[in-house]
Structure formats: structure tokens, C-alpha cells
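Student: Submitted below is the structure of interest, expressed as C-alpha cells.
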């Protein structure tokens, strides 16, 4: 076994990648398998606990096990990704969380080499409830000189203020702007982002306001890729997005956005102005078709086409991506004597695809306004759509793009990926 070629060992390891049980067993078979298999086993470190059976009594904490594991310095050097997830409700509204109770956790975190891992995910960690030792340990992870990507879910956005210039990718979802949790920054921020995604924010205006604080603005001057979920119909949120776009207009190459579906009824209400993005190369949009309590369907495309038509004539735009989902009682157009409940959950009828907005999009993208246009993707979620019928109709509506070989209409089971 010890004579196995390194290439063969690496091939076996790559074949078993993702199969934790097999990797663990195989690593014990021979010392030859030990290091390459352990590199895969410990490349992703997940610190979380199962939901407690009674109140807040957790049966075990990960800190002790991690502390024992990291007595071998070699194991810590294998870690490339760290995920920290708080208790059953991720700490929101609670005064008692497993992270706050795990006395061994800060000791274990301090044993991790800070110059090896590149990705950190923080889920629901309510910083204000943590003891000082745990706060300092998590802050040290954020300030790692090797950290490239920071993901914050259901936790204060303030964590980014611990980060240094190595962090270029930032994703946050349902974050909070509890600036009192951390010491308020008065000096220029240390991070320099190239990619940022803001998902599902009901306080989007406040989130962007935090990012646009004068000490933080320098961290966005080199932004190249941006996604924003505009989950409300508030004008202030659209205004905040516009402010953010103006700040990174010179460098932004990829812009992706999702808007609240009730906004589709008006082509002029709460539109995003794309005219100030001269270097935009890719524009992505996530929208839903829906039918409410009337016969008129909410259609996302007219508004998108209007925004696209107002993009800078000098733009370098070459790639448009549209992700469509049939959603919210979209079984078809309701008859006058038909109960709306009868339509719920029936799925999206391809007949609800009206040709006009698609044809307007086709004319716009095959005209002279975007001479660099090379590729148009339409991704159809198969969750609630008759995707193959929809695919045929969309290809028919976008006949100009299809004839030029620029069109890709693809059914997908995957969620929306903005980049």
C-alpha cells in the first residue's frame, strides 16, 4: 500500500471527495492515505449544534471536540472554510445561545492558523450576547490575512468591519445594522470588495446606508460585481440602490437584481437607472410571473426592458441573464366564476407568457444600441412552471436572438445564481 503512486492516491481522494464517511474510513486504512484524505476531511469546518430537546439545554458543544482535534497543528492547517452557526433560531430574540455557553470554543478558535483559511460564514451569531473571549476569537477570524470571502446570514453586518484588505467577496442575507454591537469605526475601513451580494433585506436602505458611511466608502470603490434583492416597494430602497450604483459606477462590470413582484404592474414605478454604468458587461435579473386576484398577470419583463433601454449607449454590455419563476397562484387566468383557491399550487401555464414584452426585448437586443451583445440567457425554474412549453414559446418570441445564435433558453432546478 505504501508503494502506491501519489497520482493514484490523489485520484482516489478526488473520487471520494464529499463522501465524509468513506474518506474517514479510508484514511485509517493506510498512512499513505492519511494526509491527502485528511486534507479533504478537514477542509471545511462546520461549528453548529442540533436543536435542543428541552428549552436551551444542548447535549454537547463543538468547542471541546475541536479543541482536542486541533492539538495536532497539522489538522488546523487543512482548514480552508469555516462556518459558525448559532442555536435553533440562530440567536435572534434569545438571551441564551450555545456559542455564548461553549467555554472551549474561543480556546479552540485561537488554535486555528489565521493564514490558511479563505472563507468564513457566520450564521445568526448575535455578537452582543457573547463573552469577551468568544468575541475576540471570532473577530480574529474575520481579520485573517488569508480571508477572501465573508458570508453573513441572520447576523449583524458589522462583522465586515473586522476584515482586512484580503476580503474581496462579501455576501450577506437578512442582516442587521446594530452598530452598537461593535465599536463604531472612525478610521478608513480595511476591506476592499470586488464582489458583493445583498439578499432579502427588509431594511435595505439601512444596510446600504451602513456601507455608504464615509469610513466604509473606500471599501467599495473597486467593486466589479453587485447583486441586490429589492424585497420591498419602498422608494427609499430604490434610492439607496441608486446611490450605491453611482458610487461604484466606474468599476462595476456585473449588476444583478431582484425586485418585488407587485412592482411589475407599472413600468415607471421604482425603476433602477442603468444609464450611469458605462463599463457594465453583464446584466442579470431575477423575476417572477404571478397572478393575483384579478385576470391581469404581473409581468416582470416590461419594467426590465424599460430599464435596459435606458442603459448607457456607450455601455460594453455583452451578456444578459434572465431567471424566471412561475409563482403565487399562477395556474392560469381566473375565470369570473372560478374561486382563486382553485388555482393555487397548480403551476404556471405557458399560455400566460404574453409575447409583446419578449418581442420588445428581442428588438432591443438585436438592434444597434448594444453592438457588443453576444449572449442572452433565459433560465426557467421548473419548480412551478411547465418549463418545456415555456421554453418553446420564449424561443419563438425571441426569434431574432435565436437566428443570430445568441439565445440560450434553459430549464433549471437550481436557484438563482446572480453571477
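Student: Roughly speaking, what is the stretch gain from residue 140 to residue 71, that is 0.36 nm per residue apart minus the C-alpha to C-alpha distance, in nm to one decimal?
Tutor: Numbers: separation 69, 0.36 × 69 = 24.84 nm, distance 1.92 nm.
Contour length minus the Cα-Cα distance gives 22.9 nm.
Student: Additional query: So, in nm, how far is label residue 115 from label residue 50 when the simple model puts each one 7 Å beyond its Cα toward the Cβ?
Tutor: Roughly 4.0 nm, to one decimal.
Student: Cut-off 20 Å, label point 7 angstrom out along Cα-to-Cβ of residue 103: give me the residues of region 110-139 whose amide nitrogen falls inside.
Tutor: 110-111, 129-138
Student: Quick check: from the Cα gyration tensor, does region 196-236 come out rounded (a/c under 1.5), prolate or oblate?
Tutor: Values: a/c = 2.74, a/b = 1.49, b/c = 1.84.
Oblate shape, in that a/c is at least 1.5 and b/c is the bigger or equal ratio.
Student: Determine, from the Cβ-Cβ distance of residue 369 and residue 43 and an R0 of 41 Å, the FRET efficiency 1/(1 + (r/R0)^6), rounded to the nearest 0.05. Walk me through the intermediate numbers first.
Tutor: On the way: r = 46 Å, r/R0 = 1.13.
Calculated value: 0.30.
Student: A follow-up question, please. Extension gain residue 81-residue 413, at 0.36 nm per residue separation less the Cα-Cα distance, in nm? Can you show the working numbers first?
Tutor: On the way: separation 332, 0.36 × 332 = 119.52 nm, distance 2.61 nm.
Length gained between residue 81 and residue 413: 116.9 nm.
Student: Mind giving me the FRET efficiency for residue 149 and residue 313? R0 is 25 Å, r the Cβ-Cβ distance, nearest 0.05 is fine. Walk me through the numbers before you get to the answer.
Tutor: On the way: r = 35 Å, r/R0 = 1.40.
Computed FRET efficiency for residue 149 and residue 313: 0.10.
Student: Turning to a different aspect of this structure: Can you compute the FRET efficiency between residue 395 and residue 275 using 1/(1 + (r/R0)^6), with r the Cβ-Cβ distance and R0 = 35 Å? Round to the nearest 0.05. Spell out each step's value before the answer.
Tutor: Numbers: r = 30 Å, r/R0 = 0.86.
Plugging the Cβ-Cβ distance into 1/(1 + (r/R0)^6) gives 0.70.
Every number in this text was worked out from the coordinates using simple rules, so none of it is lab data. As the structure is a computational prediction, the values presented were derived from the model and not from experiment. With ideal geometry, Cβ positions are generated from the backbone for all residues, glycine too; neighbour counts draw on all protein chains shown.
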